[in-house]
Amino acid sequence: MRRIFPLLPLCLAFALSACSLSPPVSPPPPLAAATTTDTLKSQLTFEPDEGEARTLIAFIRIDPEHLRAVLVTPYGQRLTTLVRDADGARFEAGDAPGEPPLPIPPEWLASRLEWSLWPLDALHEAFAGSAWQVVDSAASRDITYRGRLIARITPVPARDRAETLMLDDRQGHYRLTIDPMQENDDS
């Protein structure tokens, strides 16, 4: 026990510093800068590097005060609602008993939706003065933190077309596919 005690402060300091190794959440862009105020219906597929993929239907509404994404199981039960507003991001309880909760924090999902749905200029403005950067190339939108690639979105999100986006999240060890759905889509 006496041999371990001197190492305890060192172990505690190392454990606390490890928490700071992952980047913080990116600064959110202004809600008013979103590309649309229409309700977007999308199929979201979450694919962790390890584990099972999970597909949900999302009804996403953005207005100048809130981003609300109602996440519904393929069977039509509301799993949760993501809310991002002036108070931050949070999940509100759903009504899908027996469904496992999302294994991701609300800040993660809110930031990934913002990176995919907001125009480049709004993200540049939000990231100004921070360690975060966003760059659009011909093939992708890259999100970096202190020069390290955090996520790559392909193809580059565009205002004038609704198409399937793939977000390869290197920080979160997830791939998120955002597949727009038409109003008459049942799946």
Next item on the list: Count, please, the residues in the range 149-166 that happen to be of a type in the set (A, V, I, L, M) and either open to solvent by less than 40 Å² (accessible area, probe 1.4 Å) or in contact with a helix residue (DSSP H, G or I) (Cβ under 6 Å, 6 or more places away or on another chain) (or both).
Entry: 6
Notebook entry, point to check: Looking at LEU40, LEU56, LEU82, which is the one that is surrounded by 19 or more Cβ atoms within 10 Å (Cβ to Cβ) and closer than 24 Å to TYR145 by Cβ?
Noted result: LEU82
Margin query: Here is a check on your reading of the model: is ASP95 of a type outside the set (A, V, I, L, M, F, W, C), at pLDDT 90 or above and over 21 Å from PRO180 (Cα atoms)?
Written below: no
Next item on the list: State which residue is most open to solvent (accessible area, probe 1.4 Å) when the search covers only the range 100-126 and only residues that are touching a strand residue (DSSP E or B) at 6+ places or on another chain (Cβ under 6 Å) and touching a residue at least 24 places away in the same chain (Cβ under 8 Å).
Entry: GLU107
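The values are calculated or read from the model by the stated rules, or taken from the named source; none is laboratory data. Treat the numbers as computed from the prediction; the structure is a model and nothing was measured. All Cβ positions, glycine included, derive from the backbone under ideal geometry; neighbour counts span all protein chains shown. Heavy atoms of the whole protein, side chains included, go into the accessibility calculation; ligands, DNA and RNA do not. Shrake-Rupley method; radii C 1.70, N 1.55, O 1.52, S 1.80 Å.
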